[in-house]
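The values are calculated or read from the model by the stated rules, or taken from the named source; none is laboratory data. Remember, it's a predicted structure, so these values are computed and weren't measured experimentally. Please note: Cβ atoms are built from the backbone with ideal geometry, for glycine as well, and neighbour counts cover all protein chains shown.
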Amino acid sequence: MKRYILTLIVIIVSISVVSALSAPSEKKDSIIFNKLEHDYGTIERGGDGNCEFIFTNKGRAPLVLNNVRASCGCTVPKWPREPIPPGEQGVIKVQYNTRITGAFNKSITVNSNASNSTVRLTIKGQVTKK
């Protein structure tokens, strides 16, 4: 009898675990960018090193950008500090130091409270002497 009850308990627990794991998950919040890469092409030394990455909060809760950091000090990102409401857009502005000549390929890492909590943006181009 003990063995029968123990087997029954194991079966019930197993079914509960399988049901919980296979249950459809809620739609996750996400941040969607209009582009993940900006190519400056060829620009002259001292030229305009600014670009923008527009994003949309595709989730159901306010989107908070916890941190936005560049791979080096030659790239400076600016981002909204206030929460972005669901369905609304925001902009990350990036400025590259065009006083440095040569080819560049830099990344900007965006951390947020979205399900895709880390997104990597890229800027690239070639800075030539005047």
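Per-structure values
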quantity	calculated
Matching strands (runs of 3 or more DSSP E) fully within segment 78-130 where at least 2 residues are over 27 Å from PRO62 (Cβ atoms)	102-112, 118-128
Checking ASP48 against (1) surrounded by 13 or more Cβ atoms within 10 Å (Cβ to Cβ); (2) in a loop (DSSP other than H, G, I, E, B); (3) touching a residue at least 24 places away in the same chain (Cβ under 8 Å), the condition it does not meet	(1)
Options ASN105, ASN113: the member that is touching a strand residue (DSSP E or B) at 6+ places or on another chain (Cβ under 7 Å) and more than 30 Å from GLU44 (Cα to Cα)	ASN113
Residue count for segment 101-120, restricted to those that are aliphatic (A, V, I, L, M), touching a residue at least 40 places away in the same chain (Cβ under 8 Å) and out of contact with any Asp or Glu (no Cβ under 7 Å at 6 or more places or on another chain)	3
Complete set of residues in segment 84-97 that are within 15 Å of the chain's Cα centre (by Cα) and farther than 16 Å from LYS35 by Cβ	ILE84
Subset of segment 52-77 [closer than 20 Å to ALA114 by Cα and assigned to a loop (DSSP other than H, G, I, E, B)]	LYS58, GLY59, ARG60, ALA61, PRO62, VAL64
When residues of segment 108-121 are limited to those that are of a type in the set (Ser, Thr, Tyr) and exposed (fewer than 15 other Cβ atoms within 10 Å of the Cβ), the one nearest to ASP48 (Cα to Cα)	THR109
Complete set of residues in segment 106-124 that are at pLDDT 95 or above and either at positive phi or aliphatic (A, V, I, L, M) (or both)	ILE108, VAL110, VAL119, LEU121, ILE123
Residues of segment 65-85 satisfying the condition of being among the β-branched types (Val, Ile, Thr) and under 24 Å from TYR96 (Cα atoms)	VAL68, THR75, VAL76
